[in-house]
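Since the structure comes first, as structure tokens, the remarks are kept for the end.
The values are calculated or read from the model by the stated rules, or taken from the named source; none is laboratory data. Owing to the predicted nature of the structure, the values given are computational and were not obtained by experimental measurement. Backbone-built Cβ (ideal geometry, glycine too); neighbour counts: all protein chains shown. For accessibility, only protein heavy atoms count, side chains too; no ligands or nucleic acids. Shrake-Rupley method; radii C 1.70, N 1.55, O 1.52, S 1.80 Å.
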Amino acid sequence: MDTDKNKKYLFENYTYEIIGCCLEVHKELGCGFHEQVYQEALVVEMSRKNIPFEKEKQLIVNYKDTVLNRRYIADFICYDKIILEIKAVEQLANQHIAQVLNYLKATDMKLGLLVNFGTTSLQHKRLVI
């Protein structure tokens, strides 16, 4: 059952829980690690919070009603509804945003979260199509 139907933002409660896990990981580890370290820590944190997720989920790409052999690999799919893409960079760039938007288009999902652990304060962007 989707408990977010009456909320202001799409999947607001789920987003809040996911970002909460990211904040906890960032609080514990800080910045300076490689992306894979944050990914592994998020597996631990989201498991503890009982957030359903798939790690490194292969996404099918369609082109004019043809499924391409190439696949995207999203860092996480949470609640079967939200793409979570993580970075560990000095600053998010337009290419990172474009990456998540492409994932959304490829999957017909509506919400993506782009999270950057590479700065002293956790950065996150909510992307909706």
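The single residue among Lys81, Lys64, Lys105, Lys87 that is under 22 Å from Phe11 (Cβ atoms) and open to solvent by 80 Å² or more (accessible area, probe 1.4 Å) turns out to be Lys105. Annotation note: of Phe53, Phe117, the sole residue that is open to solvent by 40 Å² or more (accessible area, probe 1.4 Å), under 23 Å from Tyr14 (Cα atoms) and in contact with a helix residue (DSSP H, G or I) (Cβ under 7 Å, 6 or more places away or on another chain) is Phe53.
The residue of segment 28-43 that is surrounded by the most Cβ atoms within 10 Å (Cβ to Cβ), among those that are in contact (Cβ under 8 Å) with a residue 40 or more places away in the chain and touching a Lys or Arg at 6+ places or on another chain (Cβ under 8 Å), is Gln39.
Count of segment 75-96 residues, restricted to those that are under 17 Å from Ile19 (Cα atoms) and either under 11 Å from the mean Cα position of the chain (by Cα) or not small (Gly, Ala, Ser) (or both), is 14.
Residues of segment 61-74 that are over 10 Å from the mean Cα position of the chain (by Cα) and not acidic (Asp, Glu): Val61, Asn62, Tyr63, Lys64, Thr66, Val67, Leu68, Asn69, Arg70, Arg71, Tyr72, Ile73.
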